[in-house]
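Enquirer: Below: one structure in structure tokens.
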Amino acid sequence: MRKKIVAGNWKMNNNLSETIALIEEIKQIIQPDNKVEVIIAPPFTNLNKAVELLKNFPVTVAAQNMHYADKGAYTGEISADMLLSIGVQTVILGHSERRIYYNETDQSLKEKALQAYKKNMTNIFCVGEKLSDRQAEKHFEIVENQLKNALFQLPVQAYKKIVIAYEPVWAIGTGETASPEQAQEMHAHIRQILAKKYGQDLARNVRILYGGSVKPANAGEIFAQPDVDGGLIGGASLNANDFNAIIEAAKS
Ligand code: 13P
């Protein structure tokens, strides 16, 4: 039985005081239970504070990106060790906004995924096709290549710490969601790809999240799909009530 995950990707939102206020609200509202794992990913500058505020509360703090090297002359970058040193053990890698705006490639993501594995970090690895890919009916192939190119270097045991997030680019921040059937179809496809490479057992156990305009109103039907194990939430994770409603939807 795969435990559901609801992860909030705050993206470039919330300064320090807004971060404190939102986390305090989350702590007031969210009812932790063992059916769902909750994660938030604030911007780098607020990770330290977030970890401190959530010390005795079952919400995990994640980073939105990290570098593949241990350290060195990479101005503006953040390493795995820096994250680990403040208690952050989870990282989102390969988000489409990073692929599109910062030219992250399968090759650099391959190195980042390897680094996350070496450092024993949880890697929430994002895949997803653009609208033009879907229109050209290439979505299955695109996602398959994203997975193969960045993750298939890794051994079976790495997948204990890998969560896959399927985020169709056309559904991110657009208000347009993949239908529950479209999400299910892609999640099942991802499981099949994993099964072919690593075996059924592994494929059955990897958690696959859906992301893209998940809201309280649509979370329930998306999460009810058999291969959907929760969500990676952008906009709606910035509002404690909406985020909580999505967490509640994952419990039922
Ligand atoms: P929205 O929920 O705002 O569409 O963002 C989804 C996302 O990109 C999460 O990583």
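The values are calculated or read from the model by the stated rules, or taken from the named source; none is laboratory data. Remember, predicted model here, so these are calculated numbers, not experimental data. Cβ atoms come from the backbone with ideal geometry, glycine included; neighbour counts cover every protein chain shown.
Enquirer: Considering only residues that are buried (at least 18 other Cβ atoms within 10 Å of the Cβ) and at pLDDT 95 or above, look in segment 176-188 and name the one that is nearest to the ligand (Cβ to nearest atom).
Expert: Ala183
Enquirer: Within the group Gly173, Gly220, Gly230, Gly212, which residue is at positive phi and surrounded by fewer than 20 Cβ atoms within 10 Å (Cβ to Cβ)?
Expert: After ruling out the rest, the residue left standing is Gly173.
Enquirer: Condition first: touching a Pro at 6+ places or on another chain (Cβ under 9 Å), under 20 Å from Glu181 (Cα atoms) and not small (Gly, Ala, Ser). Can you find one or more residues in segment 225-234 that meet it?
Expert: So far as segment 225-234 goes, yes, one or more of its residues are touching a Pro at 6+ places or on another chain (Cβ under 9 Å), under 20 Å from Glu181 (Cα atoms) and not small (Gly, Ala, Ser).
Enquirer: Has segment 78-92 got at least one residue that is within 17 Å of Lys148 (Cα to Cα), surrounded by 18 or more Cβ atoms within 10 Å (Cβ to Cβ), of a type outside the set (Ser, Thr, Tyr) and within 16 Å of the ligand (Cβ to nearest atom)?
Expert: Looking through segment 78-92, none of the residues is within 17 Å of Lys148 (Cα to Cα), surrounded by 18 or more Cβ atoms within 10 Å (Cβ to Cβ), of a type outside the set (Ser, Thr, Tyr) and within 16 Å of the ligand (Cβ to nearest atom).
Enquirer: When residues of segment 68-92 are filtered for being part of a loop (DSSP other than H, G, I, E, B), among the polar types (S, T, N, Q) and without any contact (Cβ under 8 Å) to a residue 24 or more places away in the chain, how many remain?
Expert: The qualifying residues number 2.
Enquirer: Here is a follow-up. I'd like to know if segment 14-35 contains one or more residues that are in a loop (DSSP other than H, G, I, E, B), at pLDDT 95 or above and either of a type in the set (Lys, Arg) or within 16 Å of the ligand (Cβ to nearest atom) (or both).
Expert: yes
Enquirer: List the pairs whose first member sits in segment 1-23 and is surrounded by fewer than 19 Cβ atoms within 10 Å (Cβ to Cβ), whose second member is among the hydrophobic types (A, V, I, L, M, F, W, C) and assigned to a strand (DSSP E or B), and whose Cβ atoms are under 8 Å apart, counting only residues at least 6 apart or on separate chains?
Expert: Lys3/Val36
Enquirer: Which ones in segment 120-171 are closer than 26 Å to Ser85 by Cβ, under 13 Å from the mean Cα position of the chain (by Cα) and either free of Cβ contacts under 8 Å to residues at least 12 places away in the same chain or within 13 Å of the ligand (Cβ to nearest atom) (or both)?
Expert: Scanning segment 120-171 gives Ile124, Phe125, Cys126, Val163, Ala165.
Enquirer: Now, a different point. Going by the conditions given, is Ile247 part of a helix (DSSP H, G or I), within 22 Å of His95 (Cα to Cα), at pLDDT 95 or above and within 16 Å of the ligand (Cβ to nearest atom)?
Expert: Yes: the conditions hold for Ile247.
Enquirer: What residue, of Glu97, Glu111, Glu104, is touching a residue at least 40 places away in the same chain (Cβ under 8 Å) and within 16 Å of the ligand (Cβ to nearest atom)?
Expert: Glu97
Enquirer: Condition check: over 23 Å from Ala150 (Cα atoms), in a helix (DSSP H, G or I) and either more than 12 Å from the ligand (Cβ to nearest atom) or touching a Phe, Trp or Tyr at 6+ places or on another chain (Cβ under 7 Å) (or both). Does Ala217 satisfy that?
Expert: In short, yes.
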